[in-house]
Amino acid sequence: MQLVRISNRNTVCEIRYSNSESKKHIDKKKEICAELILQGKQFLTEAIFENGGRADILVLDDFEVIEILSSETERAFEQKKDYYPRGLNIRSVRA
């Protein structure tokens, strides 16, 4: 079963972001991705799941979603978890 939509726009270990993300959010994403690269981990940024959910960072080696919270509340983050496929480890990091 395919959990992530495969797109020609997503490349493993490429840091993708949008203009709607704050500088603080983007900087934190770059920091986390740089650390993942140093650890030899493979990841996708802005991974879109089949059910429409989207992860800031999906660490492929660990089946882990990392969500960067800037203006988002913990409650909004908890609600967002419903859009992630089952079986993934999910954690949040404050920007």
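The values are calculated or read from the model by the stated rules, or taken from the named source; none is laboratory data. These numbers were taken from a predicted model, which means no experiment stands behind them. Cβ coordinates were reconstructed from backbone atoms using ideal geometry, including for glycine residues, and neighbour counts include every protein chain displayed.
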(Q) Quick check on the range 33-67: of everything there that is β-branched (Val, Ile, Thr) and over 8 Å from the mean Cα position of the chain (by Cα), which residue is farthest from residue 92 (Cα to Cα)? (A) 37
(Q) Of everything in the range 63-94, what is among the acidic types (Asp, Glu) and in contact with a Leu (Cβ under 9 Å, 6 or more places away or on another chain)? Give them in sequence order. (A) 64
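So is residue 37 at pLDDT below 95 and β-branched (Val, Ile, Thr) or not?
No: the conditions fail for residue 37.
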Q. Can you pull out the residues in the range 33-54 that are under 22 Å from residue 85 (Cα atoms) and out of contact with any helix residue (DSSP H, G or I) (no Cβ under 9 Å at 6 or more places or on another chain)?
A. 33, 36, 44, 46, 47, 48, 50
Q) Within the range 14-44, how many residues are among the hydrophobic types (A, V, I, L, M, F, W, C) and in contact with a strand residue (DSSP E or B) (Cβ under 8 Å, 6 or more places away or on another chain)? A) 6
Q: Name the residue, out of 78, 67, that is crowded, with 17+ Cβ neighbours inside 10 Å and either out of contact with any helix residue (DSSP H, G or I) (no Cβ under 8 Å at 6 or more places or on another chain) or in a strand (DSSP E or B) (or both).
A: 67
